[in-house]
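See below for the structure under consideration.
The values are calculated or read from the model by the stated rules, or taken from the named source; none is laboratory data. Everything numeric here is computed off the predicted structure, so don't read it as measured data. Quick reminder, even Gly has a Cβ in these numbers, built from the backbone with ideal geometry, and neighbours come from all protein chains shown. Each accessible area value is taken on the protein alone, full model and side chains, heavy atoms only, with ligands, DNA and RNA left out. Shrake-Rupley method; radii C 1.70, N 1.55, O 1.52, S 1.80 Å.
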Amino acid sequence: MSTRLLSESIVRQRFPHLRYVRIHTSGKQTATIYAWDDQLELREEDRANLLKFASAYLTPFVCFKVKPYGLTREEHVPAAPEVPDEVREAAMNRGSDLHDIIDVVDRMLAGGRITFERYDRANAVVYLTIRSTMPISPIERELIGLYLYELLPLGTQSSIQYM
């Protein structure tokens, strides 16, 4: 499994001359790598090498695009969120699976429990249900969504039903 955090780390190790790297999942097994070097450029050679590397070494079932980092604003790519250490550690662990993801989110829910419902392979969506004895605020829902974005593999999105 290759998450955004893990993939960005791997790209930075392989291409240390790239100063800015941001990977964003747009769903349905697609992801875009945004990158710039120290001169705030993405050379054609780097673009081609990044695309070849991502296709071979990151996540085999994801279709990657490579674009200049400057397009992140124009394409409304959200800034990389700050996440708790527990989320970061799980996202950086290549061996994490769905059970590990659910365990991480479960530990963060006070009075609630998250369960896996199904996976829609055609749309690359993981359907989850959160049952809670206490109301979950809009801010908590947003945080859960951010944490799942970091924990799920590239090219996958989540859909959460709250009960």
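Annotations
- Dividing the Cα radius of gyration of segment 71-163 by its Kirkwood radius returns 0.96 for Rg/Rh.
- Percent of Cα pairs exceeding the 14 Å cut-off, where the set is segment 1-54: 50 percent
- Taking other residues whose beta carbon is less than 15 angstrom from the beta carbon of SER26, and scoring Lys, Arg as +1 and Asp, Glu as -1, yields +3.
- Ranking LEU51, VAL105, SER2 by how far each Cα lies toward the positive end of the dipole of the chain (charges on Cβ) leaves LEU51 at the top.
- Candidates THR129, THR25, THR59, ranked by Gaussian network fluctuation over the chain, Cα under 10 Å, top entry: THR129
- What the pair-distance distribution of segment 23-112 shows, using all Cα-Cα distances binned every 5 Å from zero, is 3, 11, 17, 18, 20, 15, 9, 5, 2, 1, 0 percent.
- Accessible surface computed residue by residue for the chain, with neighbouring protein chains in place and a 1.4 Å probe, gives 56 Å² per residue.
- Here each label is just a point 7 Å from Cα along the line to Cβ, and for GLU89 and ARG121 those points are 3.4 nm apart.
- Fraction of accessible area attributable to carbon and sulfur, the chain (%, probe 1.4 Å): 52 percent
- Alpha-carbon centroids, segment 1-53 and segment 94-163: separation in whole Å: 26 Å
- Per-residue [θ]222 nm for the chain (sum of -39500 (n - 2.57) over DSSP H runs n ≥ 4, rounded to 500): -11500 deg cm²/dmol
- Average silhouette area of segment 28-80, convex hull of alpha-carbon atoms, in square nanometres: 4.1 nm²
- Scattering curve values for the chain, log₁₀ I(q)/I(0), Debye with Cα scatterers, q = 0.11 Å⁻¹: -0.46
- Label-point separation in nm, ARG131 to ASP37, each point 7 Å along Cα→Cβ: 5.6 nm
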